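Structure, as structure tokens:
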Amino acid sequence: MAAAAVLLLTGSAALAVAARAQQHAPQPPAAAAVEMPAGTASPTPGSPGAPVRTGAPNAPAGTGAPGAPAPVGPVLARAVPVELDIPAIGVRSALEQLGLNPDRSVQVPPLARDSHAGWYKYSPTPGQLGPSVILGHVDSAEYGPGVFFRLGALRPGDAVSVRRADRTVAVFRVERVVSYPKNQFPTLAVYGNTADAALRLITCGGRFNPSTRNYESNIVAYASLVFSHPA
């Protein structure tokens, strides 16, 4: 059964620029319905503003059951990611390593003037079989637009490159970019096991609620590995 973890970028992750500034952050299409892999149970939706607990992370590549189907597309050996490059939206960022908070919610990158994106270290490394997860801030009241301010402007076919510690670069192609209400976050579609080497880029989006000081949605970009090359 697919392992799952849930993410709602709330609290410190959603310290906002004024609503006027957020209106300029590109927004992708809203999901018509919560997306779920076939044959899986629906996750319990989290409450905006509340800690959201994670399940077990994906199993490492190569630990599938005997007789499991061969991976779809290229797959790389494990190597920690060190840098993210998304030319279409002007992103080039070193990558932090993110784990879990004491309440078992997923950590977000530290908020700073030049806040970097962060790789969730309990997901596969980029290029391994399964969904590798990278998080970034959309903006903050103090520092303005964040590293993923323009994530919603990505389009199918855009390239995402991740430089890895083994001196290879994993190149992914964006398949779709979707906005989800935080109380309908599709846990298994984002974190569940996949048949290919996948990538998920996640930030906050949608309407900013001034009373809760949180964004009401998450933006998720889905991508798949297409090739790799030496760094």
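The values are calculated or read from the model by the stated rules, or taken from the named source; none is laboratory data. Everything numeric in this text was worked out from a predicted model, so none of it was measured. Here the Cβ positions follow ideal geometry from the backbone for every residue, glycine too, while neighbour counts run over all protein chains shown.
Among all residues of segment 182-189, there is none that is among the aliphatic types (A, V, I, L, M) and crowded, with 24+ Cβ neighbours inside 10 Å. The set of residues in segment 182-199 being assigned to a loop (DSSP other than H, G, I, E, B) and under 17 Å from Ser217 (Cα atoms) consists of Phe185, Pro186. Screening segment 170-203 for residues that are among the polar types (S, T, N, Q) and under 16 Å from the mean Cα position of the chain (by Cα) and picking the one that is nearest to Leu76 (Cα to Cα) gives Thr194. Applying the criterion of being surrounded by 24 or more Cβ atoms within 10 Å (Cβ to Cβ) and among the hydrophobic types (A, V, I, L, M, F, W, C) to the residues of segment 120-148, the residue that is nearest to Phe227 (Cα to Cα) is Leu129.
Does Pro124 fit the bill of being within 19 Å of Ala198 (Cα to Cα) and over 17 Å from the mean Cα position of the chain (by Cα)? No, not satisfied. Residue check: is Thr203 touching a residue at least 40 places away in the same chain (Cβ under 8 Å) and surrounded by fewer than 24 Cβ atoms within 10 Å (Cβ to Cβ)? Spelling it out, it is not the case that Thr203 is touching a residue at least 40 places away in the same chain (Cβ under 8 Å) and surrounded by fewer than 24 Cβ atoms within 10 Å (Cβ to Cβ).
Filtered by the rule that a residue be over 19 Å from Asn218 (Cα atoms) and not basic (Lys, Arg), segment 101-120 gives Asn101, Pro102, Asp103, Ala112, Asp114.
If Val108 meets every condition in (1) of a type in the set (Val, Ile, Thr); (2) at pLDDT 95 or above; (3) under 22 Å from Pro186 (Cβ atoms) apart from one, which number is that one? Failing condition for Val108: (2). If you go through segment 150-169 and keep only what is under 16 Å from the mean Cα position of the chain (by Cα), buried (at least 20 other Cβ atoms within 10 Å of the Cβ) and assigned to a strand (DSSP E or B), you end up with Val160, Val162.
Those strands (runs of 3 or more DSSP E) of segment 79-149 in which 3 or more residues are in contact with a His (Cβ under 7 Å, 6 or more places away or on another chain) occupy 91-98. For segment 129-149, the set of residues classified as touching a Lys or Arg at 6+ places or on another chain (Cβ under 7 Å) and either at pLDDT below 95 or aromatic (Phe, Trp, Tyr) (or both) consists of Tyr143 only.
Might you check whether a residue that is in contact with a Gly (Cβ under 8 Å, 6 or more places away or on another chain), at pLDDT 95 or above, surrounded by fewer than 20 Cβ atoms within 10 Å (Cβ to Cβ) and within 21 Å of Val169 (Cβ to Cβ) occurs anywhere in segment 54-72? No: zero hits. Tell me, yes or no, whether segment 146-166 has at least one residue that is closer than 18 Å to Arg78 by Cα and free of Cβ contacts under 8 Å to residues at least 24 places away in the same chain. Among the residues of segment 146-166, not one is closer than 18 Å to Arg78 by Cα and free of Cβ contacts under 8 Å to residues at least 24 places away in the same chain, which makes the answer no. Annotation: of all residues in segment 82-100 being more than 14 Å from the chain's Cα centre (by Cα) and not hydrophobic (A, V, I, L, M, F, W, C), the one that is surrounded by the most Cβ atoms within 10 Å (Cβ to Cβ) is Ser93.
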